[in-house]
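The values are calculated or read from the model by the stated rules, or taken from the named source; none is laboratory data. All values reported here derive from a predicted model rather than from experimental measurement. Here the Cβ positions follow ideal geometry from the backbone for every residue, glycine too, while neighbour counts run over all protein chains shown. Just so you know, the surface numbers come from the protein's heavy atoms only, side chains and all, with ligands and any DNA or RNA stripped out. Shrake-Rupley method; radii C 1.70, N 1.55, O 1.52, S 1.80 Å.
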Amino acid sequence: MSQPSISPRRRRLMLGAAAAGAAALTQPLSVLAQGAEEIVIGGSIPMTGVFAFAGVGINAGIQDYVKIINDAGGIKGRKVKYVPEDTGYKVDASVAAFKKITSQNKVNVYYGDSTGFAKTINPELDRNGNILMAGASFATELNDPKKYPHQFMVGPDYTEMFGILLKHIAKEKPGAKVAFVYSDSEFGRDPIDSSEALAKKLGLSVPVKIMTPAGSVDVSTEVIKLRRAAPDYTIFHGYILAPIPEFITQGKQQGMTSKWMGTFWTMDSSTVMKMGEVGDGFMGVMPYRYYYDSEKAPMLEKIRALRPEYQSTAYMQGFLASMLFLESIKRCLDGNKPLTGDHMKAALNSIKDFDTGGVIGVPITISGNSIPVGRVYRADMKAQKMVAASDWIKL
């Protein structure tokens, strides 16, 4: 039987494929495996529900940093894949998302959406042994490397946030009176007792602590208590927005001269601007630079090039979480260490004086489960911006 003729073009294609196959065989298997194996970031992300305002930002921040890394060739030749699932900010949905993502992918690092999820999934992280996790929570309880050996926070914990504010107050007005107003929730109660002790150490007094229901509307009785205590500063914690503007409005109407302050989840620019005129001068702690900060920050310039419109502080948190995840993985691969939870956490804890490209305004060191650094910002309602009210404060 005569053989069918092969066109010159097809012959060239076949020879090219054969040559490529032969070249692949000359590569060490380890190189082939390494090139092929993706680095996977899993995520329980609240894209809907009460925390969606943060989830949308977190998701975009992770996506953008992954794009920056992949566009530059990945991590030591490995591409990064991001696999998120919407959780609606519910712990059971978040656990289900974790199980689904980890059963379908070889997950290296994971972003969790809440304190409840971080605590619930911790035994599973320990059992799995190959995942490093960060997330939206800054709960003081998670800042314990013995109890949570494969987790970390992308900023200061809630007690450290109070510490940054109290250090600023002690410097600005030694001996000041500071009131604490917080929600009746795990989130709200978290830093209160330890922060009262720290205030006393810094020579400050805490004349009143006021707890309200998380979504309280009528705060008139509490405002009277607050006015009687006549604090120089009032720190709100455990809320996003309400009832903070109501406290400030009624307090000012009753002649209070307190300065008003908040912690991370109140401090997004768009949240503070919703307070309107009454929020002018409102201050709080922020571990990251704001999107529009004009000080030199090459990574902020990249973010602004990718997204010309304002990005939230939750975006910055997702972006920085990805940066630290992938820096930990890079350090493991550089040291020829397998990507286990223990090795990745050890790599994270080897980070000293690390430049985030200006996302945080000073070089950072991560010795435990948190990044105890932040800056006090103040609302300028005329400029519709948060402006720096302190230097960067390290604890």
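Figures for the structure shown
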quantity: Given (1) farther than 23 Å from F53 by Cα; (2) in contact (Cβ under 8 Å) with a residue 60 or more places away in the chain, number of the condition Y111 does not satisfy; calculated: (1)
quantity: Total residues in region 324-344, condition open to solvent by 10 Å² or more (accessible area, probe 1.4 Å) and within 19 Å of the chain's Cα centre (by Cα); calculated: 1
quantity: Condition check for I164: of a type in the set (V, I, T), surrounded by 17 or more Cβ atoms within 10 Å (Cβ to Cβ) and within 19 Å of W265 (Cβ to Cβ); calculated: yes
quantity: Meets criteria (open to solvent by 10 Å² or more (accessible area, probe 1.4 Å), at pLDDT below 95 and not charged (D, E, K, R)) for S350; calculated: no
quantity: Failed item in (1) more than 23 Å from I45 (Cβ to Cβ); (2) touching a residue at least 40 places away in the same chain (Cβ under 8 Å); (3) of a type in the set (A, V, I, L, M), with A139 passing the rest; calculated: (1)
quantity: Residues located in region 70-86, provided they are open to solvent by less than 70 Å² (accessible area, probe 1.4 Å) and out of contact with any strand residue (DSSP E or B) (no Cβ under 9 Å at 6 or more places or on another chain); calculated: G73, G77
quantity: Restricting region 376-395 to residues that are open to solvent by less than 30 Å² (accessible area, probe 1.4 Å) and touching a helix residue (DSSP H, G or I) at 6+ places or on another chain (Cβ under 8 Å), the residue that is farthest from G281 (Cα to Cα); calculated: I393
quantity: Some residue of region 153-170 being modelled with pLDDT of 95 or more and more than 30 Å from S258 (Cβ to Cβ); calculated: yes
quantity: Residue that is out of contact with any Asp or Glu (no Cβ under 9 Å at 6 or more places or on another chain), among the basic types (K, R) and open to solvent by 60 Å² or more (accessible area, probe 1.4 Å), where the choices are K200, K173, K209; calculated: K200
quantity: Residues within region 279-322 that are part of a helix (DSSP H, G or I), open to solvent by less than 10 Å² (accessible area, probe 1.4 Å) and in contact (Cβ under 8 Å) with a residue 60 or more places away in the chain, tallied; calculated: 12
quantity: Some residue of region 80-88 being at pLDDT 95 or above, aliphatic (A, V, I, L, M) and within 21 Å of M316 (Cα to Cα); calculated: yes
quantity: Pairs where the first residue, in region 147-162, is in contact (Cβ under 8 Å) with a residue 24 or more places away in the chain and the second is among the β-branched types (V, I, T) and in a loop (DSSP other than H, G, I, E, B), C-beta under 6 Å, 6+ apart; calculated: G155/I371; M161/T263
quantity: Positions within region 176-191 being farther than 16 Å from N143 by Cα and open to solvent by less than 20 Å² (accessible area, probe 1.4 Å), in sequence order; calculated: A176, V178, A179, F180, V181, S183, G188
quantity: Residues (in a helix (DSSP H, G or I) and among the β-branched types (V, I, T)) located in region 55-79; calculated: V56, I58, I62, V66, I68, I69
